[in-house]
1. When the range 238-251 is examined, which residues are found to be of a type in the set (Asp, Glu) and under 13 Å from Val348 (Cα atoms)?
2. I need the strands (runs of 3 or more DSSP E) fully contained in the range 38-135, keeping only those with at least 2 residues that are without any contact (Cβ under 8 Å) to a residue 60 or more places away in the chain and either aromatic (Phe, Trp, Tyr) or within 24 Å of Tyr26 (Cβ to Cβ) (or both).
3. Taking Val200 and the conditions (1) within 11 Å of the ligand (Cβ to nearest atom); (2) in a helix (DSSP H, G or I); (3) surrounded by 20 or more Cβ atoms within 10 Å (Cβ to Cβ), which numbered condition does it fall short on, given that it satisfies the others?
4. State which residue is nearest to Cys195 (Cα to Cα) when the search covers only the range 1-37 and only residues that are assigned to a strand (DSSP E or B) and not aromatic (Phe, Trp, Tyr).
5. Out of the range 203-227, which residues are part of a helix (DSSP H, G or I), within 12 Å of the ligand (Cβ to nearest atom) and either of a type in the set (A, V, I, L, M) or surrounded by fewer than 20 Cβ atoms within 10 Å (Cβ to Cβ) (or both)?
6. Does Pro11 count as modelled with pLDDT of 95 or more, within 18 Å of the chain's Cα centre (by Cα), surrounded by 15 or more Cβ atoms within 10 Å (Cβ to Cβ) and within 17 Å of Ser434 (Cβ to Cβ)?
Amino acid sequence: NSARWLAPGDPESISVALATRFSQVYNYDPEGVWFAPGRANLNGEHIDFHGGRCLPMALRHGTYVAAAPRTDGVLRLRTLDPSLDTGIVEIHDAASSPVPPEVPSWTTYVSGVLWAMAELKDEHPELQLRGGTGADVLIRSTLPIGGGLSSSASLECAAALAFVAMGTPLGAENHGDDLTRALTDSLRAVLAQVCIRAEVEVVGAGTGGLDQTTSLRAAEGKLVSLDCRDFTVKRTDISFLLRDYRFLAVDTGQPHQLADGRFSARRAESEAAAAVLGVDRLRDALPEKPKKADVELKLEEFDSALEAGADLGEVDAGGCRRRLKHALTEMLRSEKIHKILNGDAHGVDNTADLVGDLMSAGHTSMKECAEVSFTLADQVVDAVVQAGASGARLIGGGFGGSVLVLVPRSRMEDITTAASRLSPDVRFLEVVPSPAARAV
Ligand code: GAF
């Protein structure tokens with residue numbers, strides 16, 4: 001078939017080629033090359049900022065940065081992505097002014113990280129960049145930009161890793177395996193918080209931390225069970241499922257923009273619902289292990305509160321209730337999938353069917369309740385399920401981006417053929433649960 005695949009490429013070759021390009025662009029050799037993966041999320045969309053449980057995995061695709069520290073406080077950045085490349089962008093004193101006028105918006109994902117690291121100077125001296133607040137950086141991504149697979153967070157995380165590796169005292173000799181050993185899970189959790197601050201406070205996108213945590217703390221062959229109340233992580237082996245099934249990401253070719261306001265508007269509506277229920281985040285409205293009856297009870301409580309005159313301010317009551325329903329049922333689906341993968345199902349096929357059904361139910365909720373889906377995503381979900389997929393759903397922030405599909409191996413060709421027919425822009429990425437950010 002004529003399906004178009006986006007290959008992750010070979011990390012070693014990409015690293016060598018990027019280091020060579022760095023030498024051509026900046027006229028000296030980089031100190032190293034670092035990689036941070038994108039992510040797919042099996043369930044748990046639009047609930048990370050409500051303390052919900054998400055079930056992501058890291059991809060083989062991601063962002064590579066070649067970098068070297070500078071001692072003059074200048075941050076020079078260049079991306080090799082043809083759609084974004086405008087040559088070298090120079091930012092002076094990025095640590096205190098990460099968004100100077102007229103810099104391309106993608107640069108703030110890197111300058112924001114430098115700023116957030118400098119903010120933590122006293123608390124985390126081990127996270128500081130050697131030589132202060134400057135670096136030369138060259139970027140190459142193997143993800144579709146704005147494809148809902150965490151292209152932005154993977155840029156932040158790759159930059160954060162580079163800055164830490166080039167700093168003290170984790171330091172200069174800490175490359176490759178040494179760096180991987182030196183970066184404990186708790187240090188990675190701190191780095192994720194650095195990247196989250198960069199995105200929220202500098203880029204201005206209301207991320208909840210799912211993407212950065214996955215990129216920095218995922219593990220090969222594992223699905224991450226991420227509790228966003230405190231960012232604790234458990235890792236579940238899903239290799240048994242991947243013997244006969246594959247995860248596939250269908251990039252619709254319609255990019256999204258988290259910073260464009262629609263994502264924040266949805267988030268604000270769900271926060272208004274939380275306020276009506278008297279909680280800061282919706283996870284606190286449900287018991288530790290939620291059941292369907294708990295969700296129904298909270299929806300009734302919301303309706304009663306509105307009837308009794310609860311004030312939603314500017315927020316539309318119908319939209320607010322739909323956001324609430326999405327968040328609560330999404331939390332319930334996370335709980336169910338978690339249980340299935342931890343041994344409640346009988347046999348691989350049964351697991352795939354149960355998980356697949358919950359994925360498709362998740363999509364319906366993204367469409368009807370979160371209202372973040374779009375026509376092509378809905379068409380992809382329908383077409384791949386028709387062609388034999390166990391289940392499929394839109395992932396990420398929505399309003400563009402990718403659909404995650406659970407595919408019985410024998411149906412891969414039928415499924416990619418069916419999705420390819422929908423648009424010439426559709427591309428496929430094999431989703432293999434992969435290691436977290438690292439030096440390459
Ligand atoms: C985007 C955000 F950055 C994440 O934090 C998360 O909210 C996701 O959308 C939706 O689940 O990727």
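The values are calculated or read from the model by the stated rules, or taken from the named source; none is laboratory data. What you see is a predicted model; the values in this text were computed from it and never measured. All Cβ positions, even for glycine, are placed from backbone atoms using ideal geometry, and neighbour counts span all protein chains on display.
1. Asp244
2. It comes to 89-92.
3. Status for Val200: all satisfied but (3).
4. Ala36
5. Once the filter is applied, which keeps residues that are part of a helix (DSSP H, G or I), within 12 Å of the ligand (Cβ to nearest atom) and either of a type in the set (A, V, I, L, M) or surrounded by fewer than 20 Cβ atoms within 10 Å (Cβ to Cβ) (or both), the range 203-227 yields Val203, Leu210.
6. In short, no.
Matching residues to (1) under 30 Å from Phe399 (Cβ atoms); (2) modelled with pLDDT of 85 or more; (3) buried (at least 18 other Cβ atoms within 10 Å of the Cβ); (4) not polar (S, T, N, Q):
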residue: Arg140; (1), (2), (3), (4): yes, yes, yes, yes
residue: Ser151; (1), (2), (3), (4): yes, yes, yes, no
residue: Val164; (1), (2), (3), (4): no, yes, yes, yes
residue: Gly167; (1), (2), (3), (4): no, no, yes, yes
residue: Thr180; (1), (2), (3), (4): no, no, no, no
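Okay, residues lined up against (1) away from the ligand (no atom under 16 Å from the Cβ); (2) within 23 Å of Phe399 (Cα to Cα); (3) part of a helix (DSSP H, G or I); (4) at pLDDT 95 or above:
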| position | (1), (2), (3), (4) |
| --- | --- |
| Arg229 | no, no, no, yes |
| Arg235 | yes, no, no, yes |
| Leu248 | yes, yes, no, yes |
| Gly253 | yes, yes, no, yes |
| His256 | no, yes, no, no |
| Ala259 | no, yes, yes, no |
| Ser264 | no, yes, yes, no |
| Glu269 | no, yes, yes, yes |
